[in-house]
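S.K.: The structure that follows is given in the form of structure tokens.
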Amino acid sequence: MPERFTETLRASSEAGWSQAVQHRFVNELFAGAVPDAVMARYLIQDHRFLDSFLVLLGSALASADTFEARLRFGRFIGMVSAEENTYFLRAFVALGVTETRRAADPDTQPTIGFKAIMREAADTRSYAAALSVLVVAEWLYLDWASRAPQPLPNNFVHAEWITLHDNSNFRRFVDFLRTELDRVGPAHADLCRDFFSRAVALELSFFEAAYTT
């Protein structure tokens, strides 16, 4: 049985992928030991590209070639717009991050890069391109979150960031994304590899940026 296309993409970016899922941020998150200042910087930046992420999800919905896929994207867009956005707002309150601070902090280079690659993939109107970025954004997070030891940290800011990315619905969505990319990606292999590898590099640099003041 040939290896899944998504596995070959991950293998081609293995070094960066492994560095990301085993990053200091992930290990400190598991221990409930991410300093508040680091967590605040990280979440401010992550929330910044929620808008571009919704643009990318909308592009995937519009360019998908089946009704069933469009329904899946529609449900996920609803979840991201509700539960995940609510987590951010609660976390900002807990961390003492004001709306003024959220507006004033400049985008880091990885955030600029993420906004750009999400909109670039959306602008291609290519389902395979959109999927390539989405698979990294979601599968890489499931990969690190699924490694979390039990019990989870007491602080909801840490614990819920883990469970948002390791729960049965999220796992099913990642399975769906990978299955779709396995199906449509091989016909656009070079395009997919390009977007996938750039997205993995951005994930790693995004973790790094949280520790850079």
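S.K.: Name the residue that is most open to solvent (accessible area, probe 1.4 Å), counting only residues in segment 1-42 that are β-branched (Val, Ile, Thr) and in a helix (DSSP H, G or I). Let's see the steps before the verdict.
M.R.: Pass one, segment 1-42, residues β-branched (Val, Ile, Thr): 6, 8, 21, 26, 34, 38.
Then keep just the ones that are in a helix (DSSP H, G or I); that gives 6, 8, 21, 26, 38.
Working: THR6: 0, THR8: 56, VAL21: 4, VAL26: 1, VAL38: 9 Å².
Ranking the qualifying residues of segment 1-42, first place goes to THR8.
S.K.: Would you pick out the residues in segment 103-114 that are part of a helix (DSSP H, G or I) and surrounded by fewer than 18 Cβ atoms within 10 Å (Cβ to Cβ)? Spell out the reasoning first.
M.R.: Step one: of segment 103-114, the residues part of a helix (DSSP H, G or I) are 103-104, 109-114.
Those that are part of a helix (DSSP H, G or I) and surrounded by fewer than 18 Cβ atoms within 10 Å (Cβ to Cβ): ALA103, ALA104, GLN109, ILE112.
S.K.: For segment 123-130, does any single residue satisfy the condition of being under 28 Å from PRO186 (Cβ atoms), of a type in the set (Lys, Arg), touching a residue at least 60 places away in the same chain (Cβ under 8 Å) and open to solvent by 20 Å² or more (accessible area, probe 1.4 Å)?
M.R.: Yes, segment 123-130 contains a residue that is under 28 Å from PRO186 (Cβ atoms), of a type in the set (Lys, Arg), touching a residue at least 60 places away in the same chain (Cβ under 8 Å) and open to solvent by 20 Å² or more (accessible area, probe 1.4 Å).
S.K.: Given the conditions (1) under 25 Å from GLN22 (Cβ atoms); (2) surrounded by 15 or more Cβ atoms within 10 Å (Cβ to Cβ), and given that PRO149 satisfies all but one, which numbered condition is not satisfied?
M.R.: Looking at each condition in turn, PRO149 falls short on (2).
S.K.: Further question: Looking at segment 185-200 only, could you name the residues that are among the hydrophobic types (A, V, I, L, M, F, W, C) and buried (at least 20 other Cβ atoms within 10 Å of the Cβ)?
M.R.: CYS192, PHE195, PHE196, ALA199, VAL200
S.K.: Continuing with the same structure: Check whether at least one residue in segment 97-113 is closer than 20 Å to THR163 by Cα and touching a helix residue (DSSP H, G or I) at 6+ places or on another chain (Cβ under 6 Å), and report yes or no.
M.R.: The answer is no, given that none of the residues of segment 97-113 is closer than 20 Å to THR163 by Cα and touching a helix residue (DSSP H, G or I) at 6+ places or on another chain (Cβ under 6 Å).
S.K.: For segment 119-130, check the following and say yes or no: at least one residue is at pLDDT 95 or above and either closer than 21 Å to GLU208 by Cα or among the polar types (S, T, N, Q) (or both).
M.R.: Checked against the condition, which is being at pLDDT 95 or above and either closer than 21 Å to GLU208 by Cα or among the polar types (S, T, N, Q) (or both), segment 119-130 yields at least one hit.
S.K.: What helices (runs of 4 or more DSSP H) completely inside segment 43-102 contain at least 2 residues that are surrounded by fewer than 19 Cβ atoms within 10 Å (Cβ to Cβ) and of a type in the set (Phe, Trp, Tyr)?
M.R.: 85-94
The values are calculated or read from the model by the stated rules, or taken from the named source; none is laboratory data. Worth saying up front: this structure is predicted, and the values here are computed from it rather than measured. As a convention, Cβ positions derive from the backbone with ideal geometry for all residues, glycine included, and neighbour counts pool all protein chains shown. For accessibility, only protein heavy atoms count, side chains too; no ligands or nucleic acids. Shrake-Rupley method; radii C 1.70, N 1.55, O 1.52, S 1.80 Å.
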